[in-house]
Amino acid sequence: MSQDIKELSILLFLCLFIVGGIQWFLLRFTNWTVALTATALIALMVSFLYVSVKHATPNGGSNGPDASEFINPALTIFIFLLIGLFFVSILSKTYFPKKALLTTLALTVLFVMGRTTLQYIQNAALCQELFSINNLEVVNISDGKTTIQEVALHSSISGISVNLELDRKGKSEIYIPKNTDKIVFRCYSTARNGIFSQSFPFDPKLLKEKNGKRMGLCFWLRMKISAPIKIVLQPENKFRLYIDDELITNAMVSNKEAE
């Protein structure tokens, strides 16, 4: 066992011993409601310290974590301390009703389930708002005679880009940004000894959307399906772009930075 793990184990043991002592004191000389409230406050304090240290920067500052980041650590710590409070009451033979333990645990579990469900719905709604499903195909017939390294689909409205897998064979369903209006190529330039990029715009209305499958538990939401895209990579950095089997662009990526 390394020295760091030993020191951390000793620190955790001391913390639990101190918290257990506080819980015993409050159970012995006040009542269980005060001890329960103090346990919740301790969990919040420890969670605050943990998240603050986690986001601390080398110069002593902080990145300012969101309030939501404190919730999961606080709930985890609270559950452990609550169970510890119950065992302290048993060992010290002080009164702590089982109903209070079970009720608090049940409410905590319900809160976690509700929060998880809300996050799922928010993520699904955001995904539906920003992305659509596309049956995309990349055909590489360049036979290695190209300097194209990456191809991406970009939306100027949302600012989202999705990199495509150039080695994937056949058609595959992927998520692309809604209102995609550019195809972006990144190539290696021997003259510049580096990577340059060039984009080719097209009308996003060509990606005609239709309703797709319902989004799991969010049955009232449907992902949009956009017209299929086909990209053919040819020798000498040439390419062809098809949307819904119609040729949209037949061009060549030039050996310069266009943007």
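Counting only residues that are open to solvent by 90 Å² or more (accessible area, probe 1.4 Å), modelled with pLDDT of 85 or more and not in a helix (DSSP H, G or I), the stretch 1-32 holds 0 of them. Checked against (1) farther than 25 Å from Thr33 by Cβ; (2) open to solvent by less than 60 Å² (accessible area, probe 1.4 Å), Glu150 passes all but a single condition, namely (2). Counting only residues that are closer than 30 Å to Ser254 by Cα and touching a residue at least 60 places away in the same chain (Cβ under 8 Å), the stretch 193-222 holds 5 of them.
The set of residues from the stretch 179-192 being in a strand (DSSP E or B) and touching a residue at least 60 places away in the same chain (Cβ under 8 Å) comprises Ile183, Phe185, Cys187, Ser189.
I'd like the residue in the stretch 180-206 that is among the polar types (S, T, N, Q) and surrounded by 15 or more Cβ atoms within 10 Å (Cβ to Cβ) and, out of all such residues, is nearest to Glu246 (Cα to Cα). Within the stretch 180-206, the match that is nearest to Glu246 (Cα to Cα) is Thr180. Go through the residues of the stretch 219-229 one by one and say whether even a single one is more than 20 Å from Ala152 (Cβ to Cβ), more than 30 Å from the chain's Cα centre (by Cα) and either hydrophobic (A, V, I, L, M, F, W, C) or open to solvent by 30 Å² or more (accessible area, probe 1.4 Å) (or both). No, that holds for no residue.
Considering only residues of the stretch 33-54 that are out of contact with any Pro (no Cβ under 7 Å at 6 or more places or on another chain) and not aliphatic (A, V, I, L, M), which is surrounded by the most Cβ atoms within 10 Å (Cβ to Cβ)? Residue satisfying both the conditions and the ranking: Thr39.
When you look at Thr104, is it out of contact with any Lys or Arg (no Cβ under 9 Å at 6 or more places or on another chain), open to solvent by less than 40 Å² (accessible area, probe 1.4 Å) and among the hydroxyl-bearing types (Ser, Thr, Tyr), yes or no? Criteria met by Thr104.
Taking the stretch 125-136 as the range and being open to solvent by less than 40 Å² (accessible area, probe 1.4 Å) and more than 17 Å from Ser158 (Cα to Cα) as the test, the residues that pass are Asn134, Leu136. Looking for whichever is among the hydrophobic types (A, V, I, L, M, F, W, C) and either at pLDDT 90 or above or surrounded by 15 or more Cβ atoms within 10 Å (Cβ to Cβ) (or both) here; the options are Leu85, Leu91. Which one fits? Only one candidate passes the filter, namely Leu85. Does Glu209 qualify as being open to solvent by less than 90 Å² (accessible area, probe 1.4 Å) and of a type in the set (Asp, Glu)? Against the criterion (open to solvent by less than 90 Å² (accessible area, probe 1.4 Å) and of a type in the set (Asp, Glu)), Glu209 qualifies. Among the candidates Gly159, Gly144, the residue that is farther than 20 Å from Glu236 by Cβ and either surrounded by fewer than 18 Cβ atoms within 10 Å (Cβ to Cβ) or of a type in the set (Gly, Ala, Ser) (or both) is uniquely Gly159. For the stretch 133-178, the strands (runs of 3 or more DSSP E) that sit wholly inside it and include 2 or more residues that are more than 24 Å from Met215 (Cα to Cα) are 148-154.
The values are calculated or read from the model by the stated rules, or taken from the named source; none is laboratory data. Small disclaimer: the values here were computed from a predicted structure and weren't measured. Note that each Cβ is placed from the backbone with ideal geometry, even for glycine, and that neighbours are counted across all protein chains shown. Surface accessibility is based on the protein's heavy atoms, side chains included, excluding ligands, DNA and RNA. Shrake-Rupley method; radii C 1.70, N 1.55, O 1.52, S 1.80 Å.
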